[in-house]
1. DSSP loop GluC sites (Glu not before Pro) in the range B:114-178 with at most 12 other Cβ atoms within 10 Å of their Cβ, which ones?
2. Can you give me the long-range amide H partners of B:Thr97? Hydrogens built in the peptide plane at 1.01 Å from N, cutoff under 5 Å, separation of 5 or more residues or another chain.
3. Net charge near B:Pro173: determine it from the other residues with C-beta under 14 Å of the C-beta of B:Pro173, scoring Lys and Arg +1 and Asp and Glu -1.
4. So what are the ³J(HN,Hα) numbers for the range B:215-222, from phi and the Karplus equation (6.51, -1.76, 1.60; θ = phi - 60°), rounded to whole Hz, Gly and Pro as x?
5. Just to be sure I follow: if Rg is taken over the C-alpha atoms of the protein assembly as shown and Rh is the Kirkwood radius over the same atoms, what is Rg/Rh?
6. Restrict the search to the range B:170-244; then list the trypsin sites (Lys or Arg not before Pro) that DSSP places in a loop and that have at most 15 other Cβ atoms within 10 Å of their Cβ.
7. Can you give the mean number of other chain Cβ atoms that lie within 10 Å of the Cβ atoms in peptide A:27-40?
8. Please state the relative contact order of the range B:6-254 as a whole percent: Cα pairs under 8 Å, 6+ residues apart?
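Read-outs throughout are calculated quantities, based only on the coordinates presented, and are distinct from any laboratory measurement. Please read all numbers here as calculations on a predicted model, not as lab measurements. Every residue, glycine among them, receives a Cβ derived from its backbone with ideal geometry; neighbour counts consider all protein chains shown.
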Amino acid sequence: MTEDLEREIKSLVARVIKVPEEKIDPQANLFRDLGVDSLLGIEIFAALDKKYGITVPEDKLRGINTLNDIIALVKELKNS
Amino acid sequence: MSEGTSNYWRKILALDEPVPSDFPKQFQTWHRFFRPWFYKIVSIPLKFYCPEKVLGLENLPSHPPYIIAANHGSAMDFVTVAYALGKRKDELYPLTTKLFYDRPQSLFWIKIAANAIRIDTEEDFLPALKIAIKILKAGKAVYINPEGLRTLDGSLLPFRPGVGILAAETGVPLVPVYLHNTWKVLPTDALLPRPYPVLVIFGKPLEMAPYQEKLKTHPAYEVYKEVTEELRNRILELQRLAAYWQGKDKAASLS
C-alpha cells in the first residue's frame, strides 16, 4: 500500500516536471539537481491537491526539496 | 494527469479572500500634493531632451483593473509609462522589492511619485503575486516588468511566468507595452540621462477568457507559461513596429 502510494507520487512528479521516472532519485534535490523552478514546484503540489485532495499549506512549501520530502508530506497530510 | 490544477493556485494565492476597503493605503495626502509637481518637472526632459512619443494609447482598457506589462530598459521605465497615461497615471501601481523601497533615498521617488507598493521579500514570488492580486481586486491597475532585470543592449530578456499567473487567475486584461530607447537614455551605469527620443507603444490587450477556460482542463503551470509566451511575442511585435517607426522618422528628418 505504502509502496503503491510512493510509486504513484513518483509517477505524478515525473509527469509534472517532464522527467522520466527512472531519472528521479528520491534523495535528489528537485530544484538544484532536476532543474525544477519554484513555480513548477508549486505545480507539483497543485497536482497532489487535485489527485489526493490534500492542500499543502504555504509555510510547508519552503522545506520541501526532494521526492522523499514530498512523499513524507503527503503521508502526513493524508493521515491527519 | 494533473489537468485543471488551478484550484490549488487560487488557494495558495488567497485569490478568493476579501480585500480590506482601505487597500492600497499609500501616501495619499502626499501624493495629491507632490505627484502633479513631480510629473510637471519630468515633462520637461520628456518634451525636449529625450522627447517621448506615445502610440496605441487607445488600446488601454477604458477603466481598471488591468495589467501593464512592459519591457525593462532602465529606472525611468515606470515614469515613461505613467507620463504617457496622463491623468490616468494615478490608477497604476508598480511593485517594488524591499531592497529598493527601504533605501532612504527612495523616499520621494518610489513611495510618493511612483505610487509603488512594497514587497516584503527578495526571492519568494508568492507575496508579490498576492499583493498584485489585492491591487487588481481593489479595482486598480498593476505595472510589471516581466523580465525582472534591465536589458543591457535593448534585447528582450526571457520573461518570468508570474505575470501569466496574475493575468490568467484574475482574468483582467493584460496590456503589452514596448518602451523604445529607455535603455539608451538611462543605462544601468549612467548617472545622468542621455538625449535619445523615447517611444512608448501600447499593444492590444490580451483577453484572458480563453486562458481561463483552458485552466479548467490543462495543468495551470502550462497555461501560465502560454500566457507569458504570448505576451512576450506581442511585445516582440511592438519592438519590430518601433524599429520600423524609428526608420520612418529618420527618413522623414533627412528628406
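1. Details: sites: B:Glu122, B:Glu123, B:Glu147, B:Glu169; in loops: B:Glu122, B:Glu123, B:Glu147.
Here the GluC sites (Glu not before Pro) that fit, given the DSSP loop and packing criteria, are B:Glu122, B:Glu123.
2. Long-range HN contacts for B:Thr97: B:Ile119.
3. Values: positive: B:Lys140, B:Lys204, B:Arg234; negative: B:Glu58, B:Glu91, B:Glu169, B:Glu207, B:Glu230.
Cβ neighbours under 14 Å give a net charge of -2.
4. Residue by residue, the range B:215-222 yields 4, 6, 10, 10, x, 4, 4, 5 Hz.
5. Details: Rg = 22.1 Å, Rh = 21.6 Å.
Using Cα coordinates only, the ratio equals 1.02.
6. Details: sites: B:Lys184, B:Lys214, B:Lys216, B:Lys225, B:Arg232, B:Arg234, B:Arg240; in loops: B:Lys216.
Those that pass, being in a loop and sparsely packed, are B:Lys216.
7. Values: counts 0, 0, 0, 0, 0, 0, 0, 0, 0, 0, 4, 6, 12, 4.
Mean shielding count: 2.
8. Values: 404 pairs, mean separation 67.2, N = 249.
Worked out over the range B:6-254, it gives 27 percent.
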